[in-house]
Amino acid sequence: MIAGVQPEASVQSVPYWRLSSFYFYYFGLLGALLPFLGLYLQEQGFSLSEIGQLSATIVGTKLLAPNIWGWLADYTGRRIQIIRLGSVLSLMIFAGIFLHPGFWGMALVLCGFSFFWNAVMPQFEVVTLRHLDRQTDQYSRIRLWGSVGFVAAVVGLGWYFEHESIARLPIILFILLALIAVSSFAISSPVTAAASKGSLAVFIAQLKSPQVILFFSICLLLQISHGPYYTFFSIFLQDHGYSKTAIGWLWALGVVAEIGVFLVAHRLFSWFDVRTLAVSCLLIGALRWWLTGAYPQSLALILLAQLGHAATFGVFHAIAIHLIHRYFNAQASGQGQAMYSSFSFGLGGALGAYFSGMIVENWGGSMAYFMAAGIALVAGLLALGLTSPRQGGGKSETLT
């Protein structure tokens, strides 16, 4: 048991461990996928530009899949059933990787699997928030178990692949997908899920708010800046002499810092306003990418840069969940979460992976990180325009 993680009395009424276990397996899969897929594809003979394109395929499905499934979940109200369906179908389609397809076959498998896998988490976030009802400040204490799963995966597999062939990665991913599917059947629909059905018209009306547009634009830029990190960080470190074990620990350090933030995230919004938090995260992000690109040979500076993950993902994700819960009411909550996933992690992640692949191939890894630093800086400047939303409907009031 991690100190401070034991659920308090305020979350005793929700299925804490069942919700947490889903996050654990889901982000455990991400912890196996992000650091090691690029190394696996490289070992399979794919070029750096092809690896960038295949990675863009995975994150690119977030552009459509979460919106399609988010609308369906809001319209039908059968959110849990959709989560279960997506989990099972992603498992079945991923099995195609064992046929050892070429580039186009691999692209088809990764696209099909991720189309359903990427649709699951935005809807599960809605289920978690509805289980918590008015206790949304406790969200981070459940979500942190996803970070624990990620750390367990990157550290354990970093050590494992020092002794075993990385060709075994697909088997590990398949097992984790199976655990995700099984755990999805352990979660029931929250009582509060009996709210009114979703409305596309309401969602579009709330989406048109200038503040919502600004917020999603910032999310897009932040995820583009993560492109070199999520796609080539492991390859970048390996090229500079780091072992797979060291690479795993460096990935883990970022997420450990993220866990620390999740433990206190519910207090941040009483200490600081949203704009201050967002601008700080993005400026830290710019510094993080610049340090990574400029000093890859310095373990001390890479360690410092990885601690920045607490801000660039941990705090900013807490900000995003906080804002989306207030920008969109019950009729549009699923579509709001889906838009956050698709526009930032989907479009932003795909653009970041694709362009970083081109930059790494032609100008080297450091140049890709310098590009990322510039984009994060632009996002930080835009964040100066954020205001504080009132609950539901996208209205806002100026920050003090």
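The values are calculated or read from the model by the stated rules, or taken from the named source; none is laboratory data. Fair warning: this is a prediction, and the values are worked out from it, not measured in the lab. Note that we place each Cβ from the backbone using ideal geometry, even for glycine, and neighbour counts take in every protein chain shown.
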Could you say whether any residue in region 98-109 is buried (at least 18 other Cβ atoms within 10 Å of the Cβ) and modelled with pLDDT of 90 or more? yes
Mind listing whichever residues of region 63-78 are surrounded by fewer than 24 Cβ atoms within 10 Å (Cβ to Cβ) and under 15 Å from Asn329 (Cα atoms)? Trp71, Tyr75, Gly77
Could you grab me the full set of residues in region 273-294 that are touching a strand residue (DSSP E or B) at 6+ places or on another chain (Cβ under 7 Å) and either part of a helix (DSSP H, G or I) or hydrophobic (A, V, I, L, M, F, W, C) (or both)? Val274
Let me confirm something: among Gln297, Gln335, Gln306, which residue is more than 21 Å from Ala56 (Cβ to Cβ), touching a residue at least 12 places away in the same chain (Cβ under 8 Å) and in a loop (DSSP other than H, G, I, E, B)? Gln297
For Gly314, indicate whether it is modelled with pLDDT under 95, in contact with a Phe, Trp or Tyr (Cβ under 7 Å, 6 or more places away or on another chain), crowded, with 24+ Cβ neighbours inside 10 Å and under 30 Å from Val202 (Cβ atoms). no
Confirm whether Phe216 is hydrophobic (A, V, I, L, M, F, W, C), more than 17 Å from Ala368 (Cβ to Cβ) and in contact with a Leu (Cβ under 6 Å, 6 or more places away or on another chain). no
Would you mind finding the one in Ser87, Ser140 that is modelled with pLDDT of 85 or more, small (Gly, Ala, Ser), crowded, with 20+ Cβ neighbours inside 10 Å and assigned to a helix (DSSP H, G or I)? Ser87
